[in-house]
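Colleague: The following block contains the structure, expressed as structure tokens.
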Amino acid sequence: MLSESDLAALIITLKLASITTLLLLLIGTPIAWWLSQSRSRFKFLFEAIIALPLVLPPTVLGFYLLVALGPNGPIGGLMQSLGGQSLAFTFSGLVLGSMIYSMPFVIQPLQSAFTAIGKRPMEVAATLRASPLDRFFSIAVPLARPGFLTASVLGFAHTVGEFGVVLMIGGNIPGETQVLSIAIYDHVEILEYNQAHWLSGGLLLLSFLMLLSVYALNRRFSITDRC
Amino acid sequence: MTIEVRYTIKRQDFILDVDFKIPSQGITAIFGQSGCGKTTLLRIIAGLESCQTGFLKVGDMLWQDEQFLVPPHQRSIGYVFQEASLFAHLNVQKNLEYGLRRINKKDYKVSLQQAIDLLGIRPLLQRKIHQLSGGEQQRVAIARALATSPKLLLMDEPLSALDLKRKHEIMPYLESLHDELSIPIIYVSHAPGEIARLADHLILMDAGKIIDSGSVSELFTRLDLPLAHGDKASALIHAQVSGHDMEFNLTYLDFPGGRFTVSYKPIEINHPVRLRVIARDVSLTLEHQSQTSILNIFPAVIAEILPENDSQLMIRLSLNSVFLLCRLTKKSASLLDLSVGKAVYAQVKTVALLL
């Protein structure tokens, strides 16, 4: 069944996906809120940048990240001059890469959920003495709950499934940066189809279960009558 | 205590230019056609519409001047929107408590229980929002606004999204707000019927400007204003119950111009009532008719005559300084030789009791 390195890859994958999703929710929520409320002329620019990972080949994204994170790149160089190490081929580098890669999958559902709420509930809350921060947490967040659920699952699942970016910036260090998708690739390359089956089947099941829960929960939480 | 409002706003296709004071008691209605700026004005008073300059003072509370602006959540207002706009993720009880939990205990004037009883929503407290009818939702929304003990209640056509049956369902609750709470209310509407029933004071708006303001009964009968024209033109009369005739099941209502006789209404003696008399239900005679089925006949003097259309005239009658409107054909006016200052008898066919 699962070898020791496969198990390590599974744990790293789940850890990576969890941390990435959590950080993306933290950073993505205010960005999505701003995008849903802003009437700035430059909003389209930010929307295009956020959607970029959707269309860019992961290897292109991975390549630029590798350059940026490496010891001679701007981010890696900065890290080294601050006494740290360059981020290329580290778990932290993977998290950063995954965040960029999965960003649209978290921000876009949040943005459309916030937009769907409309201005009215926030105005009502304002006339009921709720400060802007108060109404964000007491009105916008609960009303956007289906959006948060979708964003979390899509962000998580998309990170689990990434390959190109990870390969470029994480390398393939077992126990450190080797994730499931790359472990599968390795097994296939040396014709260990049995192992590849186990891992692929597991991922297939996991992805399906996650999507199933999103659709089931969103149906339960759906707010049909907004008036 | 008064409410002072001064704003001049220019937008691409819209100018709002208002400067008025209203008494901070009773219901002040803002009346005008759609797009005249009445909702924008209400939103400005609530602080929901941002405008850089202007002046707004409610009693001793300054909410905006040249240097100073109080954000909406720090204004002691209640706002009832056209649609109930209840929070879909909270049940009725939680909706009601939302504003209540956010005000200081020392500012409690209206208790939650009082608001619940006033709007008759006690049986609904544990319901989810989508289980309520449109009329019930609007009643919850009004109670939710009241529960914050506002110093000023703003209502933006609270009945316009409802059908006639729901309107009639809510109207008595709005009337009880007027009678039982001392909170001043600004009520935006384009329905003269609602204003006749509810309002004490009236502001008429057109194209972003205030064309006149005053007591409802005065403005309803001013022939230079749009309210005194058309099919629904009517006079509003304040009267009080002076007695009942149990033999014929009648109730007598006295007003400065005389006494109305109407079908029996179980109202206490001396209780104030509002009457609405529609202009087309009033006819004129030169002599007091005794051979007629009409009971309500009053001596009157013609105060003003204005042509209504090709064939009809609108006449303003003074009944001892109370005004009635009367719509006649030009032919009748010519036959009776009517002119301003002439003494006539006004026969009122039907009168609506508004309570």
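The values are calculated or read from the model by the stated rules, or taken from the named source; none is laboratory data. Being a predicted model, the structure only gives us computed values, none of them experimental. Note that we place each Cβ from the backbone using ideal geometry, even for glycine, and neighbour counts take in every protein chain shown. When the accessible area is computed, the model is the full protein with side chains, heavy atoms only, and any ligands, DNA or RNA have been set aside. Shrake-Rupley method; radii C 1.70, N 1.55, O 1.52, S 1.80 Å.
Colleague: Per 0.36 nm of contour for each residue apart, how much would the distance between residue B:238 and residue B:11 grow if the chain were fully extended, relative to their Cα-Cα spacing?
Modeller: 77.6 nm
Colleague: Going by average Cβ neighbours within 10 Å, how do the peptides B:117-124, B:132-139 rank, with the highest at the top?
Modeller: B:132-139, B:117-124
Colleague: Using r as the Cβ-Cβ distance of residue A:92 and residue B:101, and R0 as 56 Å, what FRET efficiency do you calculate, to the nearest 0.05?
Modeller: 0.85
Colleague: I've got another one for you. Cα centroid distance between the stretch B:261-330 and the stretch B:22-49, in Å?
Modeller: 32 Å
Colleague: Please work out the ratio of the alpha-carbon Rg of the stretch B:196-355 to 2.2 N^0.38 Å and round it to two decimals.
Modeller: Ratio of Cα Rg to 2.2 N^0.38 Å: 1.06.
Colleague: Pairing the Cα long axis of helix B:164-180 with the longest principal axis of chain B, what angle in degrees results, from 0 to 90 and rounded to the nearest 10?
Modeller: 80 degrees
Colleague: What does the average come to when, for each residue of peptide A:135-141, you count the partner chain Cβ atoms lying within 10 Å of its Cβ?
Modeller: Average per residue, whole number: 2.
Colleague: While we're here: Determine the dipole magnitude for the stretch B:2-220: charges of +1 sit on the beta-carbon of Lys and Arg, -1 on that of Asp and Glu, nothing else is charged, the reference point is the Cα centre, and the result goes in debye to the nearest 20.
Modeller: Using Cβ point charges on Lys, Arg, Asp and Glu, the stretch B:2-220 gives about 900 debye.
Colleague: Compute the FRET efficiency between residue A:207 and residue B:50 as 1/(1 + (r/R0)^6), taking r as their Cβ-Cβ distance and R0 = 60 Å, and round to the nearest 0.05.
Modeller: So, using R0 = 60 Å, E works out to roughly 0.80.
Colleague: Using a Gaussian network model of chain B with C-alpha springs under 10 Å, which one of B:310, B:200, B:212 is most mobile by mean-square fluctuation?
Modeller: B:310
Colleague: Taking all protein chains as present, what is the carbon and sulfur share of the accessible area of the protein assembly as shown, in % to the nearest whole number, probe 1.4 Å?
Modeller: Looking at the protein assembly as shown in its full context, I get 58 percent from C and S.
Colleague: Projected onto the charge dipole of the protein assembly as shown (+1 at Lys/Arg Cβ, -1 at Asp/Glu Cβ, origin at the Cα centre), which of B:74, B:252, B:191 gives the Cα projection farthest towards the positive end?
Modeller: Working it through, the farthest residue towards the positive pole turns out to be B:252.
Colleague: Explain nothing, just the number: dipole magnitude of the stretch B:219-355 about its Cα centre with +1 on each Lys and Arg Cβ and -1 on each Asp and Glu Cβ, in debye rounded to the nearest 20.
Modeller: So the dipole magnitude of the stretch B:219-355 works out to roughly 240 debye.
Colleague: Turning to a different aspect of this structure: Any aspartates and glutamates with Cα under 18 Å of the residue B:109 Cα? List them, leaving off those in the same chain fewer than 8 positions away.
Modeller: B:60, B:97, B:117, B:179, B:180
Colleague: Total accessible area buried between chains B and A, 1.4 Å probe, in Å² to the nearest 100?
Modeller: 2100 Å²
Colleague: Using helices alone, I'd like the mean residue ellipticity at 222 nm for chain B: each DSSP H run of four-plus residues gives -39500 (n - 2.57), total over residue count, nearest 500.
Modeller: -6000 deg cm²/dmol, from helical runs alone.
Colleague: Estimate the FRET efficiency between residue B:245 and residue B:114 by the formula 1/(1 + (r/R0)^6), using the beta-carbon distance for r and 35 Å for R0, to the nearest 0.05.
Modeller: Once rounded, the FRET efficiency stands at 0.40.
Colleague: Under 8 Å for C-alpha pairs, at least 6 residues apart: give me the relative contact order for chain B, rounded to a whole percent.
Modeller: 16 percent.
Colleague: Related question: Each residue of the stretch B:48-59 in order: what ³J(HN,Hα) in whole Hz does its phi give by Karplus 6.51 cos²θ - 1.76 cosθ + 1.60, θ = phi - 60°, with x for Gly and Pro?
Modeller: Result, ordered by residue: 7, 10, 8, 9, 5, 10, x, 9, 9, 9, 10, x Hz.
Colleague: Cross-link list B:10/B:209; B:94/B:167; B:106/B:128: which exceed 22 angstrom alpha carbon to alpha carbon?
Modeller: Cα-Cα > 22 Å for B:94/B:167; B:106/B:128; rest within.
Colleague: Follow-up. Which peptide among B:102-108, B:277-283, A:133-139, A:207-213 comes first, and what is the full order, when sorted by highest mean count of other Cβ atoms within 10 Å?
Modeller: B:277-283, A:133-139, A:207-213, B:102-108
Colleague: Taking the alpha-carbon set of the stretch A:4-221, what are its Rg and Dmax in Å?
Modeller: Answer for the stretch A:4-221, Rg first and Dmax second: 19.6, 66 Å.
Colleague: Whose amide H sits under 5 Å from the amide H of residue B:259, counting only residues 5 or more places off or on another chain, with H placed in the peptide plane?
Modeller: So residue B:259 has HN proximity to no qualifying residue.
Colleague: Using a Gaussian network model on chain B with a 10 Å cutoff between Cα atoms, which of B:218, B:66, B:83 fluctuates the most?
Modeller: Answer for the Gaussian network model of chain B: B:66.
Colleague: Here's a follow-up. If you plug each phi of the stretch A:6-21 into the Karplus form 6.51 cos²θ - 1.76 cosθ + 1.60 with θ = phi - 60°, what whole-Hz ³J(HN,Hα) values come out, in order, with x for Gly and Pro?
Modeller: 5, 4, 4, 4, 4, 5, 4, 4, 5, 4, 4, 5, 5, 4, 4, 4
Colleague: Enter the Cα centre distance for the pair the stretch B:214-245 and the stretch B:150-173, rounded to the nearest angstrom.
Modeller: 21 Å
Colleague: Okay, next question. When all C-alpha to C-alpha distances in the stretch A:79-155 are sorted into bins of 5 Å, what percent of pairs does each bin hold, rounded to whole numbers?
Modeller: Whole-percent P(r) values from 0 Å outward: 3, 15, 17, 14, 11, 11, 10, 9, 6, 4, 1.
Colleague: Go ahead and estimate [θ] at 222 nm for chain A from helices alone: -39,500 (n - 2.57) per DSSP H run with n ≥ 4, summed, over the residue count, rounded to 500.
Modeller: It lands at -24500 deg cm²/dmol.
Colleague: Can you give the Rg and Dmax of the protein assembly as shown based on its C-alpha atoms, in angstrom?
Modeller: Looking at the protein assembly as shown, its Cα Rg and Dmax stand at 34.6, 117 Å.
Colleague: Now a separate question. How would B:264, B:187 line up by accessible area, probe 1.4 Å, largest first?
Modeller: Greatest to least solvent exposure: B:264, B:187.
Colleague: Taking each residue in B:134-146, count the Cβ atoms of any other chain within 10 Å of its Cβ, then average. What number comes out?
Modeller: The mean count of partner-chain Cβ atoms within 10 Å per residue comes to 1.
Colleague: Still on this structure: Using the Cα centre as the reference, give the magnitude of the dipole from point charges on the C-beta atoms of chain A (Lys, Arg: +1; Asp, Glu: -1; all else neutral), rounded to the nearest 20 debye.
Modeller: Charge dipole, chain A, about its Cα centre: 1380 debye, nearest 20.
Colleague: Going by average Cβ neighbours within 10 Å, how do the peptides A:182-188, B:152-158, B:292-298, A:123-129 rank, with the highest at the top?
Modeller: A:123-129, B:152-158, A:182-188, B:292-298
Colleague: Could you give the alpha-carbon Rg of chain B over 2.2 N^0.38 Å, rounded to two decimals?
Modeller: Relative to the rule-of-thumb radius for its length, chain B sits at 1.10.
Colleague: For chain B, with a Gaussian network of springs between Cα atoms less than 10 Å apart, report the residue from B:88, B:141, B:46 with the top mean-square fluctuation.
Modeller: B:88
Colleague: Moving on. Charges on Cβ only, +1 for Lys and Arg, -1 for Asp and Glu, centred on the Cα centroid of chain A; of A:23, A:91, A:44, which one is farthest towards the dipole's positive end?
Modeller: Result: A:44, furthest along the dipole toward the positive end.
Colleague: Residues of A:119-126, mean number of Cβ from any other protein chain within 10 Å of their own Cβ, rounded to a whole number?
Modeller: Across the residues of A:119-126, the mean count of other-chain Cβ atoms within 10 Å is 6.
Colleague: Still on this model: Among B:110, B:98, B:219, whose Cα lies farthest out toward the positive end of the dipole of the stretch B:2-220, if unit charges sit on the beta carbon of Lys, Arg (+1) and Asp, Glu (-1)?
Modeller: Going by the charge dipole, the pick is B:98.
Colleague: Taking amide H positions as placed 1.01 Å from N in the peptide plane, with prolines and chain starts having none, which residues 5 or more places from residue B:271, or on another chain, fall under 5 Å of its amide H?
Modeller: Counting only residues 5 or more places away or on other chains, the set is B:241.
Colleague: Return the lysines within reach of residue B:105: Cα separation strictly under 17 angstrom, same-chain partners fewer than 8 residues apart disregarded; answer none if there are no such residues.
Modeller: Output for residue B:105: B:151.
Colleague: Then there's this: Show the residues, 5+ positions off or on another chain, whose built amide H is closer than 5 Å to the amide H of residue B:296.
Modeller: Placed amide hydrogens put B:348 under 5 Å from residue B:296.
Colleague: Here's something else I'd like to know. Does anything in the stretch A:1-45 have its amide N under 15 Å from the 7 Å Cα→Cβ label point of residue A:194, and if so which residues?
Modeller: A:1-4
Colleague: Could you compute Rg(Cα) / (2.2 N^0.38 Å) for the stretch B:66-109, with N its residue count?
Modeller: 1.42
Colleague: Next question, about the same structure. Cut-off under 23 Å on the C-alpha distance; same-chain residues fewer than 8 positions from residue B:349 excluded. Which lysines are left, in chain and number order?
Modeller: Once the sequence-local lysines are set aside, what remains near residue B:349 is B:232, B:265, B:330, B:331.
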